[in-house]
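The values are calculated or read from the model by the stated rules, or taken from the named source; none is laboratory data. Bear in mind the structure is a predicted one, so any value in this text is a computation, not a measurement. As a convention, Cβ positions derive from the backbone with ideal geometry for all residues, glycine included, and neighbour counts pool all protein chains shown. Just the protein is used for accessible areas: all its heavy atoms, side chains included, with ligands, DNA and RNA removed. Shrake-Rupley method; radii C 1.70, N 1.55, O 1.52, S 1.80 Å.
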Amino acid sequence: MLRAAGVGVGDEVVVPAFGNVEVAEAVALAGALPVFADIDPVTYCLDPSAVEAAVTPQTAAVVVVHRFGRRADITRLHEVGQRHGLLVLEQGESEAPYDEIAQRRERAAYLDAKLKGVSTPDGGDGHTFQQYVVRVPGNGRPDRDAFARALRARGVECRVPVKTPVHRLPEFRRCVALPETERAADETLALPVDASLTKREMQRIVSACNALGGLLQPAF
């Protein structure tokens, strides 16, 4: 899509660093330079204000990635694109069937109501909960990672959604301030919310999390 739009050598493309490396790799394969902008801490998608701050005369496009079942503020991002004459491309997530989304939302609502000691996701704007991503409060990576290990020891499968932001990887290392991206990479943890989970399994997730949550700072 970038090549078809004429994006190439000498161009810059604004992309998120919070997520998979494939987006930055695609920009590089097109011959352009990926430029990283910070995310919105609620949606984990590109922050329109951060995108606008990253725009230079060489910027040709923005690649917006919708994350975890929550959509980016695409209206504001298109407004930024229009102001600066930029191509705005979207990368979505594979959509689950409606009945599965409804079941995921039901399980997410249960976790919202029961979990303590972690910050639960904001379910606004049609969240489909492709992943149920909480934040483990504390002093950064050691607390989240210890929390995850303790959950797994209690039989709860969980995963760190973004282990290393792209701007920290050797091939794309940049000296750029992305405080929300860094914080999200250090604090986020994806808990099970699959439609196949039974009520007993959901209760086990809550019990395991709440037993640990009291040992950490309360969520605000």
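Details
- Filter result for ARG107 (open to solvent by 60 Å² or more (accessible area, probe 1.4 Å), over 25 Å from LEU169 (Cβ atoms) and part of a helix (DSSP H, G or I)): no
- Every condition in (1) among the hydroxyl-bearing types (Ser, Thr, Tyr); (2) touching a residue at least 12 places away in the same chain (Cβ under 8 Å); (3) open to solvent by 20 Å² or more (accessible area, probe 1.4 Å) holds for THR59 except the one numbered (3).
- Residue in segment 37-47 that is in contact with a Cys (Cβ under 8 Å, 6 or more places away or on another chain), more than 28 Å from VAL9 (Cα to Cα) and surrounded by 16 or more Cβ atoms within 10 Å (Cβ to Cβ) present: no
- The listed residue being under 26 Å from VAL51 (Cα atoms) and open to solvent by 50 Å² or more (accessible area, probe 1.4 Å), out of HIS66, HIS78, HIS127: HIS78
- Within the set LEU2, LEU29, the sole residue that is open to solvent by 50 Å² or more (accessible area, probe 1.4 Å), farther than 20 Å from ALA190 by Cβ, hydrophobic (A, V, I, L, M, F, W, C) and over 13 Å from the mean Cα position of the chain (by Cα) turns out to be LEU29.
- Condition met for GLU180 (out of contact with any Lys or Arg (no Cβ under 7 Å at 6 or more places or on another chain) and either of a type in the set (S, T, N, Q) or surrounded by fewer than 15 Cβ atoms within 10 Å (Cβ to Cβ) (or both)): no
- Scanning segment 6-20 for residues that are under 18 Å from GLY92 (Cβ atoms) and open to solvent by 30 Å² or more (accessible area, probe 1.4 Å) yields a count of 1.
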